[in-house]
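Working notes, structure below.
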Amino acid sequence: MYIDHCREPTIILKVVASQDLWIWHAFFGMPGSLNDINVLDRSPIFVALAEGRTVHINYTINRREYTMRYYLADRIYPNLLTFVKTILRPLEAKRKYFASKQESTKKDVEWAFGMLQSRFAIVRGPVQYWNKKTLANIMKACIIMHNMIIEDEGVMNLGFDHECEVNSFISLSHGEIPELHDLLQTHNRIRDRGTSSQLQKDLIEHL
């Protein structure tokens with residue numbers, strides 16, 4: 001059930017990483033036969049977002065206020081407010097510049113995973129003798145040690161206060177789940193294609 005297009009059994013790791021290679025979110029254990037959208041549907045990251053269990057943020061882009069974080073993603077992902085995808089075959093100079101910047105910055109997550117593999121041989125080699133739960137624990141341990149090394153070495157010091165961010169997340173995660181009305185409202189905001197398109201336009205102008 002884990003065989004993918006490579007004809008080898010694989011298990012998927014999905015991560016969110018920032019420019020300093022710190023891994024903020026990891027979801028491991030889906031069969032390699034699934035694609036990105038299938039894995040996203042099972043990932044807890046948007047459930048936490050909809051339930052209000054993430055740190056609240058505010059930022060301004062092109063003189064417009066936003067209150068929901070966004071992630072750089074491939075074109076395969078759906079048009080959600082939380083995704084900023086690249087532009088397929090951009091024609092205008094501004095859009096070409098945005099696409100090049102988006103693609104180069106999106107590679108940070110691949111760089112983070114490449115570092116994870118280079119540091120821990122167990123991540124890149126074949127693992128035939130453990131069950132899925134043991135593999136998940138190994139992967140979590142490697143990610144925790146990776147983040148500790150990143151914090152200790154300060155690979156790209158961009159001014160993030162990881163400890164503050166993580167503590168804020170933990171304190172919110174034990175709070176009460178919002179009412180169903182608020183939950184549905186947040187889900188609708190995430191799926192608002194108009195706002196998603198506006199965010200991309202504002203980022204193009206901002207760059």
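The values are calculated or read from the model by the stated rules, or taken from the named source; none is laboratory data. No experiment lies behind these values; they were computed from the predicted model shown. Positions of Cβ are backbone-derived with ideal geometry, glycine not excepted, and every protein chain shown enters the neighbour counts.
Can we say residue 123 is at pLDDT below 85, surrounded by 15 or more Cβ atoms within 10 Å (Cβ to Cβ) and not basic (Lys, Arg)?
Values: at pLDDT below 85: yes; surrounded by 15 or more Cβ atoms within 10 Å (Cβ to Cβ): yes; not basic (Lys, Arg): yes.
Spelling it out, residue 123 is indeed at pLDDT below 85, surrounded by 15 or more Cβ atoms within 10 Å (Cβ to Cβ) and not basic (Lys, Arg).
Residue 74 meets the conditions (1) closer than 21 Å to residue 106 by Cα; (2) acidic (Asp, Glu); (3) buried (at least 16 other Cβ atoms within 10 Å of the Cβ) in every case but one. The failed one is (3).
Taking strands (runs of 3 or more DSSP E) that do not extend beyond segment 7-75, which have at least 2 residues that are more than 27 Å from residue 201 (Cα to Cα) and either in contact (Cβ under 8 Å) with a residue 40 or more places away in the chain or of a type in the set (D, E, K, R) (or both)? Don't jump to the end; show me each part of the working.
Numbers: elements: 11-17, 23-31, 59-61, 64-66, 71-73.
So the answer is 11-17, 23-31.
Of the residues making up segment 131-163, those that are surrounded by fewer than 10 Cβ atoms within 10 Å (Cβ to Cβ) and either closer than 18 Å to residue 11 by Cβ or modelled with pLDDT of 85 or more (or both) are 131, 133, 152.
Taking the condition more than 16 Å from the chain's Cα centre (by Cα), under 30 Å from residue 199 (Cα atoms) and surrounded by 13 or more Cβ atoms within 10 Å (Cβ to Cβ), does residue 101 pass? Before the answer, list the steps.
On the way: more than 16 Å from the chain's Cα centre (by Cα): yes; under 30 Å from residue 199 (Cα atoms): yes; surrounded by 13 or more Cβ atoms within 10 Å (Cβ to Cβ): yes.
Yes.
Residue under question is residue 33, and the condition is that it be loosely packed, with under 15 Cβ neighbours inside 10 Å and modelled with pLDDT under 80; does it hold?
Spelling it out, residue 33 is indeed loosely packed, with under 15 Cβ neighbours inside 10 Å and modelled with pLDDT under 80.
Six or more apart or on different chains, Cβ under 7 Å: which pairs go from a residue in segment 131-155 that's farther than 20 Å from residue 109 by Cβ and in contact (Cβ under 8 Å) with a residue 12 or more places away in the chain to one that's surrounded by 12 or more Cβ atoms within 10 Å (Cβ to Cβ) and small (Gly, Ala, Ser)? Could you list them? Between residues of segment 131-155 that are farther than 20 Å from residue 109 by Cβ and in contact (Cβ under 8 Å) with a residue 12 or more places away in the chain and residues that are surrounded by 12 or more Cβ atoms within 10 Å (Cβ to Cβ) and small (Gly, Ala, Ser), the close pairs are 132/29.
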